[in-house]
Amino acid sequence: MTMTSPTPTAPVKLAPAPKGSAPHRPSRFRMGAGQQMKGGPFAYIALAVVGFGSLLPLYWTLVAASRTQDEVLATTPPFLPGGKLLENVSTAWEQANLGKAILNSIIVSSSITAATLFFCTLAGYAFAKMRFRGRGWLMTAVIATLTIPPQLSVVPLFMMMSGLGWGGQLESVIFPTLVSAFGVFFMRQYLIEALPYELIEAAKIDGANNLRIVVSVVLPVARPAMMVLGMLTFVQAWNDFFWPYLALNQQNPTLQVALGQLSASYTPDQSIVMAGALISTLPLLVVFVVFGKKIVGGIMSGAVKG
């Protein structure tokens, strides 16, 4: 048996670049790990326009709440705040009994938010990671309830609350909204991607029961989505007007119902109405300032992977 030496191969020569062509450069739009795109002047102009448009209604509310009605309804409206803000706020506070209304809104919004987070997280975990018969059909039925207009359920819901003796009470506003189909769907979609089966199986191997798994595994993973859902639920419950207006009375209103009483007269004072609207906006601003970073972090955690 004879050994043959390998035939040497000639090195491969690359064709020279044509004259006049620019050298190859990496694209400035190619993103690497840990890199961020830098916005140009157009991006900053667009953000400034959007920010100005978002803050303009709030600023006009402040201006109108600090002026008289004649100044607000003038041909050339004022563009700077006046000096009647405290007087208008005091008048709105007394006319609409806003102290009790704010307390009722805090109770209603906090109760609905806490219950929605609890029930929707449990239901979302069950639909996302647990196997049981009829899961797909039941989830379809939950989503289908989103297509039903809420006005169709007003009459039977009102009769049900009256039969329970909750007419005019806060219970009639809290209990019908303890859980939402959107919240169940939102938590299910988040937990499908964020909660791996291996983590649940590891907890079962360690001897954890279902309650322990929910407390120690599911809730820490679901916390970012719960922050987002809690913010959306609180804002919706705080601003809800239609059902509280039907279920409650003028002696026990929520804040939005009380504000409706300010504009219910034949010639409402727009400056007083704007003062009440400004009061109703401040708690939402406080909530967003306190929990803003966590809410934005919860939104980004579902959008950024790796």
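Relative contact order of segment 204-285: what whole-number percent is it, with Cα pairs under 8 angstrom and at least 6 residues apart?
Once divided by the residue count of segment 204-285, the mean separation gives 17 percent.
Can you compute the equivalent ellipsoid semi-axes for segment 161-298, i.e. the square root of 5 times each eigenvalue of the Cα gyration tensor, sorted largest first and rounded to whole Å?
Taking √(5λ) for each Cα gyration eigenvalue gives 40, 20, 10 Å.
Report the relative contact order of segment 117-226, percent, no decimals, based on alpha-carbon pairs under 8 angstrom and at least 6 residues apart.
This gives 45 percent for segment 117-226.
Summing +1 for each Lys or Arg and -1 for each Asp or Glu, what net charge is found among the other residues whose Cβ lies under 12 Å from the Cβ of Phe127?
+4
Looking at segment 129-192, which trypsin sites (Lys or Arg not before Pro) are in a loop (DSSP not H, G, I, E or B) and have at most 12 other Cβ atoms within 10 Å?
When the trypsin sites (Lys or Arg not before Pro) of segment 129-192 are filtered for loop state and at most 12 Cβ neighbours within 10 Å, Arg131, Arg133 remain.
Checking the cross-link filter: which aspartates and glutamates have an alpha carbon closer than 19 Å to that of Lys100, excluding same-chain neighbours under 8 positions apart?
Glu171, Asp240
Over segment 51-302, calculate the relative contact order: mean separation of alpha carbon pairs under 8 Å at least 6 apart, over the residue count, as a percent.
34 percent
Using Cα positions and a limit of under 13 Å, work out the aspartates and glutamates in reach of Lys129, with same-chain residues fewer than 8 apart set aside.
Glu193, Glu198, Glu201
How many Å³ per residue does the convex hull of the Cα positions in segment 107-187 occupy?
About 106 Å³ per residue, rounded to a whole number.
Please report the Cα spread of segment 51-302 along all three principal axes, rounded to whole Å, starting with the longest.
The Cα atoms of segment 51-302 stretch 72, 45, 28 Å along their principal axes.
Between segment 168-215 and segment 84-112, how far is it from one alpha carbon centroid to the other, in angstrom?
Distance between centres, Cα-based: 34 Å.
None of the figures in this text is laboratory data; all of them are computed from the coordinates on show. Because the structure is a prediction, the values reported are computed rather than measured. We place every Cβ from the backbone using ideal geometry, glycine too, and count neighbours over all the protein chains shown.
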